[in-house]
Amino acid sequence: KSTPGPAFDLIGKGYFAVLIDQGEGTTPYSGLTPIAGQSLSDCATTYFDQSEQLPTRFSLTFGRSTQPNQDESWRAGGIMLQHLAKASPLKVGLTQEQAEIALGDVEEENWTRANMLLDSVEDLELIGPHVSPTKLLYRLFHEEEPRVFEPQKVHFGCTCSPERVRKALSIYSDKDIATMTTDEGVVTADCQFCGAHYRLDPDDLGFQAAERKNGG
């Protein structure tokens with residue numbers, strides 16, 4: 001339910017990109033949908049409606065947080081609510097029969113109730129830090145007997161590197177590399193995901209440079 005406002009209008013037209021990395025040994029999955037609605041929540045909801053075709057809701061917010069003896073800081077928080085098609089007994093610790101009993105068929109009444117509970121969340125509860133995620137989950141959905149898993153730390157990461165940039169440019173000839181070379185005598189590249197900026201020696205780039213290096 002991130003609050004719409006003039007700032008979101010400045011985005012204009014474009015696409016909302018989602019990159020899902022399921023861990024080591026898997027290939028990240030990316031998806032694109034048009035920017036829709038008046039908030040990032042609306043964009044994310046549209047993505048799941050069109051791509052995953054799973055009923056999904058988001059409640060997102062941000063704001064300044066002040067704690068005793070600490071400087072004021074920005075905090076953000078959110079909840080993702082999704083109606084899964086079926087449960088995995090292995091993941092939730094249930095037998096197949098128990099999982100089917102617990103979930104049953106997709107019932108509109110249950111989904112409507114879950115959405116009503118989500119709509120009751122306050123911005124201060126999402127931002128924290130006085131209300132922990134576990135306490136908020138219990139406050140909203142305690143009658144549904146939610147399961148709480150061990151928390152996983154979230155950190156920013158990107159797989160870009162100078163070597164990957166060189167590999168991407170390895171299909172170009174010396175002539176092509178020359179057109180990419182700046183007046184300073186370097187080839188520059190920017191990662192569109194993390195914003196990393198690379199400055200590379202043009203003599204090391206392209207397939208002809210590789211041939212010279214290998215004595216070809």
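Observations on the structure shown:
- Karplus-derived 3J(HN,Hα), 6.51/-1.76/1.60, for each residue of region 14-28, Hz, glycine and proline x: x, 10, 9, 9, 10, 10, 10, 10, 8, x, 4, x, 10, 9, x
- Contour excess over end-to-end distance, with Cα ends at ARG199 and ALA168 and 0.36 nm allotted per residue: 9.7 nm
- Pairwise FRET efficiency - GLU109 versus GLU24, Cβ, R0 = 45 Å, nearest 0.05: 0.65
- Ranked by how many other beta carbons lie within 10 Å on average, peptides 204-213, 146-155, 114-123 from highest: 204-213, 114-123, 146-155
- Close amide H contacts of THR61 (hydrogens built in the peptide plane, cut-off under 5 Å, sequence separation of 5 or more or a different chain): GLY77.
- When only the Cβ of Lys, Arg, Asp and Glu is charged (+1, +1, -1, -1), the dipole of region 162-213 relative to its Cα centre reaches about 220 debye.
- Coupling constants for region 116-131 follow from the phi torsions by the Karplus curve (6.51 cos²θ - 1.76 cosθ + 1.60, θ = phi - 60°), and in residue order they are 5, 5, 5, 5, 7, 5, 9, 4, 5, 5, 6, 6, x, x, 6, 10 Hz; glycine and proline get x.
- The slack between ILE35 and SER132, meaning 0.36 nm per residue of separation minus the straight C-alpha distance, is 31.8 nm.
- Cα-projected label distance for THR66 with ASN214, points at 7 Å along beta-carbon direction, nm: 6.4
Bear in mind these aren't lab numbers, they're just calculated from the coordinates by the rules spelled out. Since this is a predicted model, take the numbers as computed values, not measurements. Cβ: placed from backbone, ideal geometry, glycine included. Neighbour counts: every protein chain shown.
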